[in-house]
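Notes follow the structure.
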Amino acid sequence: RKEVEQDPGPFNVPEGATVAFNCTYSNSASQSFFWYRQDCRKEPKLLMSVYSSGNEDGRFTAQLNRASQYISLLIRDSKLSDSATYLCVVDPPQDFNKFYFGSGTKLNVKP
Amino acid sequence: DTAVSQTPKYLVTQMGNDKSIKCEQNLGHDTMYWYKQDSKKFLKIMFSYNNKELIINETVPNRFSPKSPDKAHLNLHINSLELGDSAVYFCASSQDWTSGGQETQYFGPGTRLLVL
C-alpha cells in the first residue's frame, strides 16, 4: 500500500464552482500534512499546511480526519488560475524530514 | 532572486554517459533534497542532506551519487545513464525543523533529463 494516495482526476469544473479533493495516508502516527500545488512543467509550491483543527486561507480550506486517515482540500469559487495539479504531502514521524508525496489530483477550471 | 536554482534545466544525453546536476539555495536552509518525478508525476525522494551530512538515502541505484560541498549546495552525479533514468529531477530545501525551523520545502525549477 502506498503511503499517500490521491484520485488522479482530472476534475473538470466550471469557473465559480466548489471542488474538493481527498487524500488518504497509511501511517496513522503521521503528524504533519501539507497541500502543494504544481503547475504544468513547473516545480511544486506549498499551498497550505493542514492543522488538526483545520485551516482556511481565502478560498481554500484544508481539513484533517485522523479517524479515517485522510486530508481534504476544498476550493470555493474556482478561478481559471486554480487549474493545476494538487499534491498531498505527509511527513511520517519515524523518518526525519522525509516527505511522502501523493501522485497528485489534476484540476481543470473551465470558463 | 531565485531561492533554489538548478542547472542545467534540460539535459539530453545518450545511454551510458555520466552527467551531473547542480543545485544551490540562498535561503540559509540546513536541509536539502533530491527528488525524482517520473512520467506518472509521482514525486519520490532520493536523498536528503542536513548540514552536509547524508540523512536520507532511499533505495536508489548506486549509479546515483549525491555530494554536498557546503550546506547551500547539493549536486547529483549519475553514472552509466539508463533509459529509465529519464525523468524530472527536483532539488528542494527546508529549514531544519529540529532547530525550530519550518517544514516547508522550497523546490528548484527542475532538471528535465532525457536519456536516448
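A few points about this structure:
- Of residues in the range B:91-116 being surrounded by fewer than 16 Cβ atoms within 10 Å (Cβ to Cβ) and either at pLDDT 95 or above or touching a helix residue (DSSP H, G or I) at 6+ places or on another chain (Cβ under 6 Å) (or both), the one nearest to the other protein chains (Cβ to nearest Cβ): B:L114
- B:K36 being more than 9 Å from chain A (Cβ to nearest Cβ), among the charged types (D, E, K, R) and either touching a residue at least 24 places away in the same chain (Cβ under 8 Å) or assigned to a strand (DSSP E or B) (or both): yes
- On inspection, B:E82 fails the criterion of being farther than 15 Å from B:C23 by Cα and in contact with a helix residue (DSSP H, G or I) (Cβ under 6 Å, 6 or more places away or on another chain).
- For the range B:46-97, the strands (runs of 3 or more DSSP E) that sit wholly inside it and include 1 or more residues that are more than 28 Å from A:C40 (Cα to Cα) and not aliphatic (A, V, I, L, M) are B:53-57, B:64-70.
- Identification of strands (runs of 3 or more DSSP E) wholly contained in the range A:1-62 with 3 or more residues that are more than 26 Å from B:R112 (Cβ to Cβ) and modelled with pLDDT of 95 or more yields A:11-14, A:19-25.
- Matching entry among B:V88, B:V60 (being closer than 23 Å to B:M15 by Cα, within 14 Å of chain A (Cβ to nearest Cβ) and either of a type in the set (K, R) or surrounded by fewer than 18 Cβ atoms within 10 Å (Cβ to Cβ) (or both)): B:V60
- A:Y51 meets the conditions (1) in contact (Cβ under 8 Å) with a residue 40 or more places away in the chain; (2) more than 26 Å from B:D38 (Cα to Cα); (3) within 14 Å of another protein chain (Cβ to nearest Cβ) in every case but one. The failed one is (1).
- For the range A:71-94, a residue qualifies if it is within 14 Å of chain B (Cβ to nearest Cβ) and either in a strand (DSSP E or B) or loosely packed, with under 15 Cβ neighbours inside 10 Å (or both), and the qualifying residues are A:A84, A:T85, A:Y86, A:L87, A:C88, A:V89, A:V90, A:D91, A:P93, A:Q94.
- Among the numbered conditions (1) in contact with a Gly (Cβ under 7 Å, 6 or more places away or on another chain); (2) within 12 Å of another protein chain (Cβ to nearest Cβ); (3) free of Cβ contacts under 8 Å to residues at least 24 places away in the same chain, the only one that A:Q63 does not meet is (2).
- For the range A:24-48, the set of residues classified as charged (D, E, K, R), free of Cβ contacts under 8 Å to residues at least 40 places away in the same chain and crowded, with 16+ Cβ neighbours inside 10 Å consists of A:E43 only.
The values are calculated or read from the model by the stated rules, or taken from the named source; none is laboratory data. These numbers were taken from a predicted model, which means no experiment stands behind them. Every residue, glycine among them, receives a Cβ derived from its backbone with ideal geometry; neighbour counts consider all protein chains shown.
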